[in-house]
Amino acid sequence: MSYATINPYNNEVVKEYPYATDEALQEALTTGHALYQRTKKQPIAERAKILHNVAAKLRDYSDELARTCTIDMGKLLRESEGEVELCAIIADWFADHGEDLLKPEVVDTIATGAAEIHHQATGIVMMVEPWNFPYYQIMRVFAPNFMVGNPMILKHAANTPASAQLFADIVKAAGAPDGALTNLFLSYDQVTEAIEDKRVQGVALTGSERGGTAVAEAAGKNLKKNTMELGGMDPFVVLGDANMDDVIDIAWRARLYNTGQVCTSSKRFIVMDNVYDQFVEALKDKFSKVVPGDPLDPNTSLAPMNTKRAKEKLQKQLDEAIKAGANVAYGNEPIDLPGQFFMPTILTDIDKNNPAYAEEMFGPIAAVYKVHSEAEAIELANDNPYGLGGIVFAGDEDHGAEVAAQIETGMVFVNNFMVTLPELPFGGVKLSGYGREMSHIGALAFTNEQLIVKTAKPNLDNVAGGLVATDPVPANQK
Ligand code: NAP
């Protein structure tokens, strides 16, 4: 699929973008590699200054960024504005903390001398990003790696080219050197070509299993370190003693935010039997109140999905789920607007043989399950190929945290909406991928942990605990 902005609210083809030429890719690799040679020797504080400028520029251009993103992929303007501010927060945080996160670590060792681990840049990182948070997905990789000194080449989603280019332009306008972030409209083959190039040393992808498998395969084949941030079917567990006002207030948002197109959307509501009916009724009520319309209009509360293809795929999944026995408790009716609107829908009675039981539905469909014990809730939460995030609502937050610890995902929030912030690691297990973005863990995703052991004088008597410095000449032959 070639790159184009097609406004999903009115289906207008706003602009089409040609693929990058092979020469442009080679030029980006050359420029990026030259930059890496310089950043290796540059004090990190210089990059912190530029990253703070990036944050300031994002705030200065917030209106344009938000509009561009909304027209590219349809999300509500206020959500786009929130995303821009989140990006600025991430940039500021890594600018403030990068030096500390990357400072050499002293190793307590019995080796002779002083040992330190230095977190060094490694070279160009190829990043492949999805459309659902056009700026935030870039920033999760950009901010830490910019501080590290790794140049980056960006291949963004085919349907968010304007957002991708605007973000890269803003980074440049903030004073980042050429090659720090090069946005290219690459084909899949060109992504593979970049991964094969010896100047590329890291590969970061956020996306689906489809994209993740292809890109991880190319990275693995070329022995390139990679992080994979993939899909999710996050459980939202409601225990019998949870505060139901809080549950309802959060549940509908956790499913409908960004029109349900979030990796960490709550896709499976696992509800204890004593509050199940109340939960379903309240969710129906909340879902029935959203107002579809122009995402640029502040009165709209249900935005279109990002593309026609995404809407058609979701409808097909819903039809198959119903055919396999799922009950539609609410929704599944057309919305009489020309854009890619999908009515919020609630499914119940999904059994283990239903494809909906283990397939991510990337849109406003909530699957609700009734359980009869906490153990059953945990078992159901874990009986899933994905392991990204989750939410647990419990009367007591400490007990909620005990339940959270038994859920096999990368992130669980107790009695609250999921949040993402630069200091919190983001990522999952199982088919949700591996590695973490953001936080101190994400800062080191593409660094060389270089060990340096220094001493004034060698000491061949100290041979314990390491590679033994044996004397090649036996004593009786000297
Ligand atoms: P996708 O199809 O995998 O696309 C993601 C990116 O990968 C796009 O830039 C896409 O380019 C590219 N891509 C796909 N196949 C490729 C290949 N063979 N070679 C090179 N690049 C390739 O994902 P999506 O369906 O648009 O995005 C939604 C998915 O992302 C959901 O599953 C969601 O849960 C997941 N997600 C995960 C996280 C997380 O942090 N874990 C966050 C957000 C979203 P094109 O657009 O050109 O196809």
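The values are calculated or read from the model by the stated rules, or taken from the named source; none is laboratory data. Remember, it's a predicted structure, so these values are computed and weren't measured experimentally. Every residue, glycine as well, gets a Cβ built from its backbone with ideal geometry; the counts of neighbours run over all protein chains shown. Side chains included, ligands, DNA and RNA excluded: accessible areas come from the protein's heavy atoms. Shrake-Rupley method; radii C 1.70, N 1.55, O 1.52, S 1.80 Å.
General observations
- Of GLN26, GLN42, all but one fail to be over 23 Å from VAL191 (Cβ atoms) and surrounded by fewer than 15 Cβ atoms within 10 Å (Cβ to Cβ); the exception is GLN42.
- Count of residues meeting criterion [open to solvent by 20 Å² or more (accessible area, probe 1.4 Å) and on the phi > 0 side of the Ramachandran plot] in the range 222-277: 1
- Filtered residues of the range 326-344 (kept if touching a Lys or Arg at 6+ places or on another chain (Cβ under 7 Å) and either under 22 Å from ALA251 (Cα atoms) or without any contact (Cβ under 8 Å) to a residue 60 or more places away in the chain (or both)): ALA329, TYR330, PHE342
Residue-by-condition table, conditions (1) at pLDDT below 95; (2) acidic (Asp, Glu); (3) within 26 Å of ASP234 (Cα to Cα); (4) touching a helix residue (DSSP H, G or I) at 6+ places or on another chain (Cβ under 7 Å):
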| site | (1), (2), (3), (4) |
| --- | --- |
| VAL414 | no, no, yes, yes |
| VAL419 | no, no, yes, no |
| PRO422 | no, no, yes, yes |
| PRO425 | no, no, yes, yes |
| GLY433 | no, no, yes, yes |
| ARG436 | no, no, yes, yes |
| ILE441 | no, no, yes, no |
| LEU451 | no, no, no, no |
| PRO458 | yes, no, no, no |
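- Subset tally (residues that are within 28 Å of VAL203 (Cβ to Cβ) and either acidic (Asp, Glu) or open to solvent by 60 Å² or more (accessible area, probe 1.4 Å) (or both)) for the range 77-103: 8
- Scan of the range 189-234 for residues that are part of a loop (DSSP other than H, G, I, E, B), more than 8 Å from the ligand (Cβ to nearest atom) and either among the aromatic types (Phe, Trp, Tyr) or within 24 Å of GLY427 (Cβ to Cβ) (or both), ordered by number: ASN222, LEU223, LYS224, MET233
- Filtered by the rule that a residue be among the polar types (S, T, N, Q) and at pLDDT below 95, the range 27-60 gives a lone residue, GLN42.
- With respect to (1) within 20 Å of THR5 (Cα to Cα); (2) in a loop (DSSP other than H, G, I, E, B); (3) more than 12 Å from the ligand (Cβ to nearest atom), the lone exception for LEU186 is condition (3).
- For the range 266-275, the criterion of being part of a loop (DSSP other than H, G, I, E, B), in the same structural domain as ALA366 (by TED's automatic domain parsing), closer than 21 Å to ASN384 by Cα and not β-branched (Val, Ile, Thr) is met by none of the residues.
- Counting only strands (runs of 3 or more DSSP E) that sit wholly inside the range 1-111, those with at least 1 residues that are within 19 Å of LYS155 (Cα to Cα) and free of Cβ contacts under 8 Å to residues at least 40 places away in the same chain are 13-17.
- Of the residues in the range 105-116, none is within 15 Å of GLY442 (Cβ to Cβ) and either within 16 Å of the ligand (Cβ to nearest atom) or touching a Ser or Thr at 6+ places or on another chain (Cβ under 9 Å) (or both).
- Residue in the range 281-288 that is under 30 Å from ASN415 (Cβ atoms), in contact with a Gly (Cβ under 6 Å, 6 or more places away or on another chain) and open to solvent by less than 40 Å² (accessible area, probe 1.4 Å) present: no
- Residue in the range 160-173 that is open to solvent by 10 Å² or more (accessible area, probe 1.4 Å), within 12 Å of the ligand (Cβ to nearest atom), at negative phi and part of a loop (DSSP other than H, G, I, E, B) present: no
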